[in-house]
Amino acid sequence: MKQHPKPAISESVSIRVYLWLILPLGFICASTRALATAPHLASIMPAGAQRGTEVQLSFGGERLEDTQEIICHERGLEVKQLDSVTNKVVKATLKIAPDCALGEHHLRLRTATGISELRTFFVGTFPVVSEKEPNNSPAQAQKIELNATVAGVVAGEDVDSYSVHLKKGELLSAEIQGIRLGRSAFDPRLTLMETNGTVLADVADTWLGMQDPSLSLVAPHDGNFIVQVRETTYAGNGDCHYLLHIGHFSRPTSVFPLGGKAGEKVAFRFFSEATGEFENVLKLPDAAEERFGLFAEHESLTAPTPNWIRVSDLTNVLATGPTPDREHATAASIEPPFALNGIISQKGEEGWFRFPAKKGVQFELQVYARQLRSPLDSVLEVFDSAGHSLASNDDAAGADSSLKFTPSETTNYFVRITDTLGRFGRDFCYRIEVRPPSSSIAVKIPEVSRNDTQSRQFIAVPRGNRFATLISAKRSNFGGELRFDVPELPNGVKLSADVLEANTDSEPLVFEAAADAPIGGRLLDLTATGTNAAGKVVGHFRQDVELVQGPNNTSFYNTSVEKICVAVTKEVPYSIRIVEPKVPLVKGGSMALQIAAERKPGFEEPIEVNMVWNPSGVSSQSEATIPKGATNVVYQLNAGDGAETHTWKIAVLAHAAVDGGQVYVSSQLATLEVANPYLSGKAETLATHPGESAKLTVNLQQLKPFDGKAKIRLMGLPEKITAPEAEVSKDDQKVSFDLTMDPKCQTGSFKNLFCAVEVMANGEKIPHNIAAGGILRVLPVKAEGTKVASVGGKK
């Protein structure tokens, strides 16, 4: 059996990232311009190749002319040479090692000025041949030798036909990788027919391959057979690329058990309708894997795509035959933690297990079925020894169930699993992991815009400059401070990061490159580390990538990597910094944060800046612009009354047009203190008439002493009503504003009055907003001979 831990499936996937490959110096291509911008990688062609061979890959996109490196996230691909480099296409020869991991690989381009998006490339066991048109009908079918992979594309109403020769009794399997190539929302259909048009099999979707179909059958006679590929609704296009695997290999639709213990040998039973059940024995890797790909081996041929299992630290408990009820439950001889494994294979069958548990020890039960491409839609339930239901769940993790359960006494308990629609079959495998709650930290860079999982999911630091990113750390069953680290940064690069407070789940990280830092890149581990009662808790960075997006913010096909790419790029013609504020931002107040830019001679473009992150209770304008040729801008910050008082680290990110694209740099990590206000107040309600003079009083509460006089203005007054600015000291308990009421001012009740206060400290203003909610009533003037309500409200 072949096994590889590189998933290629739709849901969130754990992919082990191994190394980065640097091109030989002779193949580094310098840019033809002094400056360029971040590359855009749209495609890699062909989509796959056979391991143990060499292949020329074509990387298509924009701004690729200064490409210096192909970064490979997995072992086994060696860049032999760059064959050609242009703005839109990079061609490179790759050598695929004979022992290269099968399945999905992740590649990027690094240019002198940036890092590209992640794209996929597939390694298989069969030689790859190209589709040859015309092949739209059985009469035009392209002849294919068995145990081969065809690389093709379905455009428009295209139907691609292939002819294979079989002897009676020979196994024929065909499988398409279409949507799983991550190119487009391609929904392929696969048909097997006789040369006279008799259809033997017609498949669209499969549980294992999602929208990608597969089929297996035994040839009913000697002769030629036609395999056809089309888009299900005849709506193909130039992006509907596919790899069609055709041969004698077995295409198992399920594997049992759906997991095993790390480092142990496990006997896995694969099942296919065409071949029946067969066994592969395999030693699992020493480290846990959320998703681990098993490439089934049958009669010396390997399946082209994997079945999926879990690798964990749990001992397997396997169901002992049919368990239709509680009396026939499989007995676990050990207490949790463990993993329960079974199959709902017969009509009316339920999966029952009995296990001992101690009083008061909480457990989490998590089903893994649909996440591993089993068709089972689980319902999970826990019972006590008397058969009373204690907890149940249907869909907690998609179609997979999950629940928490705390035994009330030390005794035996029962678990039951069923399919929510009562379905069954040999493919309805499941795994239930039972363990105490564990602590974990999920580390990621949040999306910079909705449904964009690729932009700025890397660190590209220009020489002599800085780059900032927002980092998120979600704690589970864990609290406390976290510290971020990126070991083995490129030479000349340093990381600035604050301690992440216990009640905060995100903050900015700033990377800075020295002016003489070598241009280059690395794949690195970004970690967040904390401690709890059980010891150290470490979370690792993971990027989930939506390669194919569906309608209504859905994702048709995902992949992920667990290393972050950090690169030093060529210098850029500007830098920015935050002018460190000398005063705090007070609750209920604001701050005019000063942003300064330094421009190289000749660079005059506008520079857009925005906050990387706002501390709790702090808001900011969405973006500010340093005008063309200017060197500074004021960036407005506001703190709500509920803002957390703390000394935070902040940064701003800037972007400007350079050589036709946007180049990003950041400020340093600056200090922002959020503090309590120096004073508060409450305005007394005032009623008056147009044309009169009136005095509105605000009662002050001094909260913190300040030097000198603070300016205070009454805000929110309607048109044609004015009040002069006043001054207050730290000793004043109230302030009165003399209102001038124009005879033609508007009458009514005005409830949005407040006071703007400017306290001075260290030569800078500390703006406050106090006394919100003050009310001014302007009543109509009493007319001759008319009784109206007076100021006091009497007739």
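The values are calculated or read from the model by the stated rules, or taken from the named source; none is laboratory data. The model shown is predicted, which means the values in this text are computed figures rather than measured ones. Note: ideal-geometry Cβ built from the backbone for every residue, glycine included; neighbour counts use all protein chains shown. Calculation scope for accessible area: heavy atoms of the full protein, side chains included, ligands and nucleic acids excluded. Shrake-Rupley method; radii C 1.70, N 1.55, O 1.52, S 1.80 Å.
Quick one: in the range 494-623, what % of C-alpha pairs are over 24 Å apart?
56
Identify which of the listed values of mean projected area of the Cα convex hull in nm² was calculated from the structure shown: (1) 65.3; (2) 46.5; (3) 58.0.
(2)
Quick check: the distance between the Cα centres of the range 424-484 and the range 55-75, to the nearest angstrom?
Between the Cα centre of the range 424-484 and that of the range 55-75, the gap is 26 Å.
Based on the mean of other Cβ atoms within 10 Å per residue, sort peptides 448-455, 265-272 so the most packed one is first.
Sorting 448-455, 265-272 by mean packing, highest first, produces 265-272, 448-455.
Please report the net charge: other residues with Cβ closer than 11 Å to the Cβ of Cys240, K and R +1, D and E -1.
Values: positive: Arg183, Arg230; negative: Asp158, Asp160, Asp187, Glu231, Asp239.
Spelling it out: positives minus negatives among the neighbours equals -3.
Quick one: Cα centre-to-centre distance for the range 115-161 and the range 215-232, in angstrom?
Here the two parts' Cα centres lie 16 Å apart.
Restricting to bridges with both residues inside the range 279-373, how much of the DSSP beta-bridge set is antiparallel, in percent to the nearest 5?
Numbers: 6 of 11 bridges.
Antiparallel bridges: around 55 percent, rounded to the nearest 5.
Any idea what the relative contact order of the chain is, in percent, if you count C-alpha pairs under 8 Å spaced at least 6 apart?
With pairs under 8 Å counted, the relative contact order is 9 percent.
Apply the Karplus curve 6.51 cos²θ - 1.76 cosθ + 1.60, θ = phi - 60°, to the phi angles in the range 701-713 and return the couplings in whole Hz, x for Gly and Pro.
For the range 701-713, the Karplus-derived couplings read 10, 7, 9, 7, x, 9, 8, x, 9, 9, 7, 9, 10 Hz, x marking Gly and Pro.
Which trypsin sites (Lys or Arg not before Pro) does the range 147-220 hold that lie in a coil by DSSP with at most 12 other beta carbons within 10 Å?
Within the range 147-220, the qualifying trypsin sites (Lys or Arg not before Pro) (loop, at most 12 other Cβ atoms within 10 Å) are Lys167, Lys168.
Determine the per residue accessible area of the chain with all protein chains present and a 1.4 angstrom probe, expressed in square angstrom.
Value for the chain: 42 Å² per residue.
At a Förster distance of 41 Å, what's the computed FRET efficiency of His221 paired with Val281, Cβ-Cβ distance as r, to 0.05?
Efficiency, rounded to the nearest 0.05: 0.70.
Only loop residues by DSSP count here, and only those with at most 12 other Cβ atoms within 10 Å; note down the trypsin sites (Lys or Arg not before Pro) in the range 536-613 that meet that. Numbers along the way, then the final one.
Details: sites: Lys536, Arg542, Lys563, Lys570, Arg577, Lys582, Lys587, Arg599; in loops: Arg542, Lys563, Lys570, Lys582, Lys587.
Counting only loop positions with at most 12 other Cβ atoms within 10 Å, the trypsin sites (Lys or Arg not before Pro) in the range 536-613 are Lys582.
Estimate the FRET efficiency between Asp99 and Glu133 by the formula 1/(1 + (r/R0)^6), using the beta-carbon distance for r and 41 Å for R0, to the nearest 0.05.
The formula returns an efficiency of 0.70 here.
GluC sites (Glu not before Pro) within the range 250-297: which are DSSP loop residues with at most 12 other Cβ atoms inside 10 Å?
none
What does the convex hull of the alpha-carbon atoms of the range 233-303 project to on average, in nm²?
Its average projected convex-hull area is 7.1 nm².
For the chain, what % of the accessible area comes from carbon and sulfur atoms, probe 1.4 Å?
47
Which number gives the lysine pairs in the range 582-699 that have C-alpha atoms under 25 Å apart and are eight or more places apart or on different chains?
For the range 582-699, qualifying lysine pairs total 5.
So what's the projected area for the range 225-367, the Cα convex hull averaged over all directions, in nm²?
13.2
Could you tell me the calculated FRET efficiency between Gln549 and Arg423, based on Cβ-Cβ distance and R0 = 41 angstrom, to the nearest 0.05?
0.90
List the lysines whose Cα sits under 23 Å from the Cα of Lys168, skipping any in the same chain fewer than 8 residues away.
By straight Cα distance, Lys168 reaches Lys143.
Over 30 Å between Cα atoms, which of Lys88/Lys132; Lys95/Lys444; Lys261/Lys359 qualify? Intermediate values should be presented prior to the final figure.
Working: Lys88/Lys132 26 Å; Lys95/Lys444 32 Å; Lys261/Lys359 26 Å.
Going by Cα-Cα distance, Lys95/Lys444 fall outside the 30 Å limit.
Assuming a ≥ b ≥ c are the square roots of the Cα gyration tensor eigenvalues, decide whether the range 300-350 counts as rounded (a/c under 1.5), prolate (otherwise, with a/b larger than b/c) or oblate.
It is oblate, given that a/c is not under 1.5 and a/b is not larger than b/c.
If I model a spin label as a point 7 Å beyond the Cα along the Cα-Cβ vector, how far apart are those points for Glu580 and Val89 in nm?
In this crude spin-label approximation the distance works out to 5.4 nm.
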